[in-house]
1. Filter the stretch 29-53 for residues that are of a type in the set (Ser, Thr, Tyr) and in contact (Cβ under 8 Å) with a residue 24 or more places away in the chain; which is least open to solvent (accessible area, probe 1.4 Å)?
2. Please count how many residues of the stretch 69-81 are closer than 11 Å to residue 14 by Cβ and either touching a residue at least 12 places away in the same chain (Cβ under 8 Å) or assigned to a helix (DSSP H, G or I) (or both).
3. Is it the case, given these coordinates, that residue 56 is open to solvent by 20 Å² or more (accessible area, probe 1.4 Å), touching a residue at least 12 places away in the same chain (Cβ under 8 Å) and either in a helix (DSSP H, G or I) or not charged (D, E, K, R) (or both)?
4. Run residue 23 past the list (1) in contact with a strand residue (DSSP E or B) (Cβ under 7 Å, 6 or more places away or on another chain); (2) under 24 Å from residue 73 (Cβ atoms) and report the number of the one that doesn't hold.
Amino acid sequence: MKEIELYHLTHCPYCINARRAIEELKNENPAYAEIRIRWIEESEEVELANSRDYYYVPTIFHGDKKLYEAKPTHSYSRIKQSIRDAFEQVLSA
């Protein structure tokens, strides 16, 4: 099974949008449900989070490759499309 790491903060509005987008994407394309997501709450796994090169959450890594890092200007549709793109990269790897 393919796996990604998703760094997030529980109360972050962009992370909440990412979670919502992931559920929608899994419903739209069952192949996305085959991707295992390791949710890493950065305030609880500080050492692991600090070992990665990112600033904003949510951020998605597949292995050592950063596939997506949200920005404060990202709309829900931008987040969803970026996560879709990340899922496609993982499935094609």
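The values are calculated or read from the model by the stated rules, or taken from the named source; none is laboratory data. Just so it is clear, the model here is predicted, and its values are computed rather than measured. Please note: Cβ atoms are built from the backbone with ideal geometry, for glycine as well, and neighbour counts cover all protein chains shown. For the accessible areas, the whole protein counts, side chains as well, though only heavy atoms, and no ligand, DNA or RNA atoms are used. Shrake-Rupley method; radii C 1.70, N 1.55, O 1.52, S 1.80 Å.
1. Just the residues of the stretch 29-53 that are of a type in the set (Ser, Thr, Tyr), to begin with: 32, 43, 51.
Narrowing further to those that are in contact (Cβ under 8 Å) with a residue 24 or more places away in the chain: 32, 43.
On the way: 32: 10, 43: 78 Å².
Taking the candidates together, the pick is 32.
2. Looking only at that region, the number is 8.
3. yes
4. (1)
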